[in-house]
1. What distance in nm separates the two pseudo spin-label positions at V9 and E97, each 7 Å out from Cα along the beta-carbon direction?
2. So how tilted is helix 83-95 from the main axis of the chain? Cα-based, degrees 0 to 90, rounded to 10.
3. Which value at 222 nm does the chain reach when only helices count, each DSSP H run of 4 or more adding -39,500 (n - 2.57), with the total divided by all residues and rounded to the nearest 500 deg cm²/dmol?
4. Mind listing the long-range amide H neighbours of F79? Cut-off is under 5 Å, sequence gap 5 or more, other chains count too, H placed in the peptide plane at 1.01 Å from N.
5. Can you check what the net charge comes to around A101, using other residues whose Cβ is under 13 Å from the Cβ of A101 (Lys, Arg +1; Asp, Glu -1)?
6. Once the Cβ-Cβ distance between Q85 and E55 is put in as r, and R0 is 22 Å, what FRET efficiency do you end up with, to the nearest 0.05?
7. For the chain, which whole-number percentage of the solvent-accessible area (1.4 Å probe, protein heavy atoms only) is attributable to carbon and sulfur atoms?
8. From the phi angles alone, apply the Karplus equation (6.51, -1.76, 1.60; θ = phi - 60°) to the stretch 46-52 and give each ³J(HN,Hα) in whole Hz, x where the residue is Gly or Pro.
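The values are calculated or read from the model by the stated rules, or taken from the named source; none is laboratory data. Given the structure is predicted, the values throughout are model-derived calculations rather than measurements. Virtual Cβ from ideal backbone geometry, glycine too; neighbours counted across all protein chains shown. With ligands, DNA and RNA removed, areas are computed over all heavy atoms of the protein, side chains included. Shrake-Rupley method; radii C 1.70, N 1.55, O 1.52, S 1.80 Å.
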Amino acid sequence: GYPEPRAWVEAFLDAYGEELQTLEQARPLVAALHADSVTIPPDERDLLGRPPVRELLRAVGEQGVAEGPRSIPALAAQFGLERKQAYHAVRVALTGEERGAPLALLFPLLGERRIRARLAAAGNQGAATAR
């Protein structure tokens, strides 16, 4: 039900194809990628509420979208975060999940508008929790 070009479908299959047995299994994944927002698990909100993590999410949204996940290590260092923690925070902010398809495959599937919106919302949600 989503009018995506063939390149998007191919990128989706690269990201999720190995775990899919049927088209029905793809439906919730596609719906999640097209959702305007994600639910951040309560146990992850403390992480997203930390000022350096909120700054990381803001920076990825402002300048890292064009570079994709390649920008995360430099931005993590800039804000005093470990790479692993930075990648984890970005993944949770974008998907609400701790694990999943590689970020390099997720960025093109989500698109710039959704990435920016989700990162901003996650940073704000974390900020509200941190108060």
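1. Each label point is offset 7 Å from its Cα along the Cβ direction, giving 2.1 nm.
2. 50 degrees
3. Theoretical 222 nm ellipticity from helices: -21000 deg cm²/dmol.
4. none
5. -3
6. Once the sixth-power term is evaluated, E becomes 0.95.
7. 51 percent
8. 4, 4, 5, x, 5, x, x
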